[in-house]
Amino acid sequence: MDPMVSHYEAIELQMVPHPYKIHRVIKETHDTFTLELKSNTSNGKFAFRAGQFNMLYIFGVGEVPISISGDPNKMETLVHTTRAVGTVTKKMAKLKKGDVIGVRGPYGTNWPVKAAIGNDVVIIAGGIGLAPLRPAIYQIISQRKHYGKIILLYGTRTPADILFRHELEKLKSRLDVDIYVTVDRATREWNGNVGVVTTLIPRAPFDPINTTAMICGPEIMMRYTIGELVKRGVSHENIFVSMERNMKCGIGFCGHCQYGTEFICKDGPVFSYAQIKDLFGKREL
Amino acid sequence: MDSLERILQEHPFVKNLSPEHIQLIVGCAKNVVFEPGQFLFKEDEEASEFYILRSGKVALEIYTPEYGPITIQTVGEGEVLGWSWLVPPYEWRFDGRAVELTRAIALDGKCLRGKCEQDPKLGYELMKRLASVFEGRLYAMRLQLLDIYNSKAPKQTK
Ligand SMILES: Cc1cc2nc3c(=O)[nH]c(=O)nc-3n(C[C@H](O)[C@H](O)[C@H](O)COP(=O)(O)OP(=O)(O)OC[C@H]3O[C@@H](n4cnc5c(N)ncnc54)[C@H](O)[C@@H]3O)c2cc1C
Ligand code: FES
C-alpha cells in the first residue's frame, strides 16, 4: 500500500470520535458539571495518564478539548469536569444521563507523578484548574508513602465556586495532606482564607529544593504562581504547568494550538517551566 | 519584656532588625489575644495600633448596605496588619475581625511614630519592610481585581 495513503488513513482514524454514553451527570457548581461516561463499543476500559485530555464532540455543535478529571486507576468510567463558558460547553451542560457524546483521545503529556516520587509535591490550582489536576491527586494519594509532604493550594472566586468540595473536605481530614483553600471574596459565612492563591505560597510548608510543583489555572494566575515558587527557591525544572490554546485536531496536525515551537496538543498540555519559560507570558503567542 | 523581644525577633517582619532597634520597638509593644468574632478595630476608629500577627486569622471587612460585611482579605501567622497608624488622619479604613483565636503583638502607633522620628535609621528600616508588605498586598489586590476565575472574563485561550 502507498505509505502516504496509510499515513493519512491513520490520521483519519485518530480523528474519528467514539460514542460514549453519559452514565451520570454531577452538578459541581452553578456553572461547572462532571460527566461520567461509559463506552458504547470498546471493552469498556479507558486507560489514560493524569494530565491528558480528550476531544469531546457534541453532535451537531462542535468539539472541545477537556482534560480527564477521573481516577487513572478506575478505567471503567471516563470522567470530565467542564465549565460552561461558550457554544459547545453550554450545550454540553444541558446533556442528560443516557445521551451520547463523541470522544477521541487521550492526548497529550502528563503530570510528572512518577518523577515526583521522593519529593514534596505542591499542587496549585485556580478555578476549574483543579479538574485537570484531580487525576494526579488521586494517583499521588494512592501511593502516599512514596512522597514527602503533599500540599494542595486552591484558589477560586467565591466559596460557592469551590470545586469537589466534599472530596476536598475528606482529603483535609487525612492528617498527611495539607490543603489550603482561598477565595477572592466572601461574606461572613466563610471562615477560610480570602486572597489570591499566590499569597498562600510564602508560608506553605514545603522544602523548595526537593519540591515538584504542578500548576493549573488561568495563565495569569500560573505566571504569578511561578514567580512566588521561584522566589521560594523551587527550580524551573521542577515546576510544571498545563497550558491551554484553542484546538482543532488534537494530534499535532493542524497547527491550531501552536505555541512558539511547541504544539500544545502533542508536546503539552503539561510542560515543565524550564521547557517553555522563553514563551511563557509572551504577548504575541 | 524578655519574651516580647524574643517573640518579635522570630517574626518574619522583624527578623534581622538590629538588637537596639528591636529594643526600641519593644518599648511600644504589648501582647494581645482576640477571641473568634472579636474586632481588633473598626472602620473610622482611631488607628492607634499596628499588629504583628503570631497565630490565628483576621478578616479585613468592608461593610456594604446590599450584602453586609464583605471579607476582602484575610491575614494570619507571620503577617502584619495595619498602616493607618502611619498616615494622617490615623483612622482605620475597614474592620478587622478575628476569625480564629488570634495572638498578636500590638505596637502603639503614636509611640512607634515617635521612635521613628527620633531614630531615622529605624524609621527607614521599618518603612522598607512596610513598603515590601504594601507591594505584596497591592500585587495580590490587582490579581483579585482582574477576577480571573470569572467565566465572563475576557477569553484566555486564543
Ligand atoms: C488541553 C486543554 C484542556 C482543557 N481542559 C478543560 C477542562 O478540564 N475543563 C474545562 O471546563 N475546560 C477545559 N479546557 C477549556 C475548554 O476547552 C474551553 O473552555 C472550551 O473549548 C470552550 O469552548 P466553547 O465552545 O464552550 O466556548 P467558545 O464559544 O469557544 O467561547 C465562548 C467564550 O467563552 C469564554 N471562554 C472560552 N474558553 C474559555 C476558557 N478556557 N476559560 C474561560 N473562558 C473561556 C470566552 O469568553 C469566549 O469568548 C481545556 C482546554 C485545553 C486546551
Ligand atoms: S490542535 Fe491541531 S496541531 Fe494541535
Discussion item. Looking at A:Q275 and the list (1) more than 14 Å from chain B (Cβ to nearest Cβ); (2) crowded, with 21+ Cβ neighbours inside 10 Å, which single condition is not satisfied?
Written reply: (2)
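Identify, from the list A:F263, A:F253, A:F271, the residue that is near ligand 2 (Cβ under 6 Å from one of its atoms) and either modelled with pLDDT of 90 or more or touching a strand residue (DSSP E or B) at 6+ places or on another chain (Cβ under 8 Å) (or both). Give the derivation first.
Working: A:F253 fails: either modelled with pLDDT of 90 or more or touching a strand residue (DSSP E or B) at 6+ places or on another chain (Cβ under 8 Å) (or both); A:F271 fails: near ligand 2 (Cβ under 6 Å from one of its atoms).
Within the list A:F263, A:F253, A:F271, the selection yields A:F263.
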Practice prompt. Return yes when A:K266 is surrounded by fewer than 18 Cβ atoms within 10 Å (Cβ to Cβ) and under 20 Å from the mean Cα position of the chain (by Cα) and no when it is not.
Written response: yes
Fill in: Search result, residues across the range A:238-268 that are within 13 Å of another protein chain (Cβ to nearest Cβ), more than 12 Å from ligand 1 (Cβ to nearest atom) and not in a loop (DSSP other than H, G, I, E, B)
A:Q258
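Conditions tested, residue by residue: (1) within 13 Å of chain A (Cβ to nearest Cβ); (2) open to solvent by 70 Å² or more (accessible area, probe 1.4 Å); (3) away from ligand 1 (no atom under 16 Å from the Cβ).
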| residue | (1), (2), (3) |
| --- | --- |
| B:G76 | yes, no, yes |
| B:W83 | no, yes, yes |
| B:F94 | yes, no, yes |
| B:A104 | no, no, yes |
| B:L138 | yes, yes, yes |
Discussion item. Being away from chain B (no Cβ under 14 Å), in a strand (DSSP E or B), open to solvent by 10 Å² or more (accessible area, probe 1.4 Å) and modelled with pLDDT of 95 or more narrows it down to one residue among A:V79, A:V122; which is it?
Written reply: A:V79
Response to the item:
Note on A:T212: of the conditions (1) buried (at least 21 other Cβ atoms within 10 Å of the Cβ); (2) at pLDDT below 95, unmet is (2)
Fill in: Selection count, the range A:204-233, where residues are away from chain B (no Cβ under 14 Å) and in contact (Cβ under 8 Å) with a residue 60 or more places away in the chain
8
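The values are calculated or read from the model by the stated rules, or taken from the named source; none is laboratory data. Because the structure is predicted, anything quoted here is derived from the model rather than measured. Cβ: placed from backbone, ideal geometry, glycine included. Neighbour counts: every protein chain shown. The area values use the complete protein model at the heavy-atom level, side chains included, leaving out ligands, DNA and RNA. Shrake-Rupley method; radii C 1.70, N 1.55, O 1.52, S 1.80 Å.
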